[in-house]
Amino acid sequence: MLEDTGERVIPENMKITNELLVEHVARYHFASEHVYGRVLDFASGAGFGTHILAKKGRKSVSEVVGIDVDPDAVQYARGTYYHPISAFTEGDVTDPGLPDKLGQFDSVVSFETMEHVEAEEQFLANVYTLLKPGGTLVLSTPFGKGRGKPCGSPFHVHQLTVDEFTQLFPDYTSVGFYFQKGALIKPADDHHGGHYPLGIAVCEK
């Protein structure tokens, strides 16, 4: 059985009303409208999101590869979320050798990953290299007090401010930002105030 760390989303072990589950599922359904071709789910965890992308993308997606650093998560995903066009493999998102091992993708999805990563620049460099020219990245992270500052989660290195998040993608040809609260995802320029704890970027290389 896959260990529940307190941050890990394992739908089979959660109630349908669990906010963490609702947020994650909503993000993958949102991403399914943007991805196509060969898709990478970078830090795929238990694998449910990879499965959503494979199921929802049957007309536009040719392959979905889920990568996670935890061998137990990879094993769980393989046993729980089989789909003919998906595969799960072990790998570290900050491994500079990953692009050579995996090749390039038409779309990259990485949700709630970078706040766990010390080597943020290498992670973002890998994402960029793994994405084909003209490809689409969909990436999310929670907002907080900023880079290098303690945050409330023992699992996070830090949580970026909104301004820090929006400055992460200078090399992309176009970037759209969205805010998320629960299942609600809205364009950043249409949120009309209020607190949105999560940000999503949709970028074209």
Answer yes if at least one residue in the range 11-19 is surrounded by fewer than 16 Cβ atoms within 10 Å (Cβ to Cβ) and under 18 Å from the mean Cα position of the chain (by Cα), and no otherwise. yes
Counting only residues that are among the charged types (D, E, K, R), within 16 Å of Lys55 (Cα to Cα) and touching a Ser or Thr at 6+ places or on another chain (Cβ under 7 Å), how many does the range 66-111 have? 0
Say we look at the range 11-28 and pick out the residues that are outside any loop (DSSP other than H, G, I, E, B) and over 12 Å from Phe111 (Cα atoms); which of these is modelled with the highest pLDDT? Val22
If I ask for residues that are surrounded by fewer than 16 Cβ atoms within 10 Å (Cβ to Cβ), in a loop (DSSP other than H, G, I, E, B), at pLDDT 95 or above and of a type outside the set (Asp, Glu), which ones from the range 147-182 would you list? Gln167, Pro170, Thr173
Working only within the range 29-43, note down all residues that are assigned to a helix (DSSP H, G or I), in contact with a strand residue (DSSP E or B) (Cβ under 6 Å, 6 or more places away or on another chain) and closer than 18 Å to Ser86 by Cβ. Ala31
Across (1) free of Cβ contacts under 8 Å to residues at least 60 places away in the same chain; (2) more than 19 Å from Phe179 (Cα to Cα); (3) assigned to a helix (DSSP H, G or I), Val127 clears everything bar (1)
Find all pairs meeting these conditions: Cβ atoms under 7 angstrom apart; at least six residues apart or on different chains; first residue within the range 13-27 and more than 18 Å from Tyr196 (Cβ to Cβ); second residue in a helix (DSSP H, G or I). Met14/Leu21; Leu21/Pro11
Sole residue being within 24 Å of Phe179 (Cβ to Cβ), free of Cβ contacts under 8 Å to residues at least 60 places away in the same chain and not acidic (Asp, Glu), chosen from Thr161, Thr94, Thr89: Thr161
Any hit, the range 79-93, residues being out of contact with any Pro (no Cβ under 6 Å at 6 or more places or on another chain), among the aliphatic types (A, V, I, L, M) and over 30 Å from Tyr196 (Cα atoms): yes
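The values are calculated or read from the model by the stated rules, or taken from the named source; none is laboratory data. No experiment lies behind these values; they were computed from the predicted model shown. Using ideal geometry, Cβ is built from the backbone for each residue, glycine included, and neighbour counts are taken over all protein chains shown.
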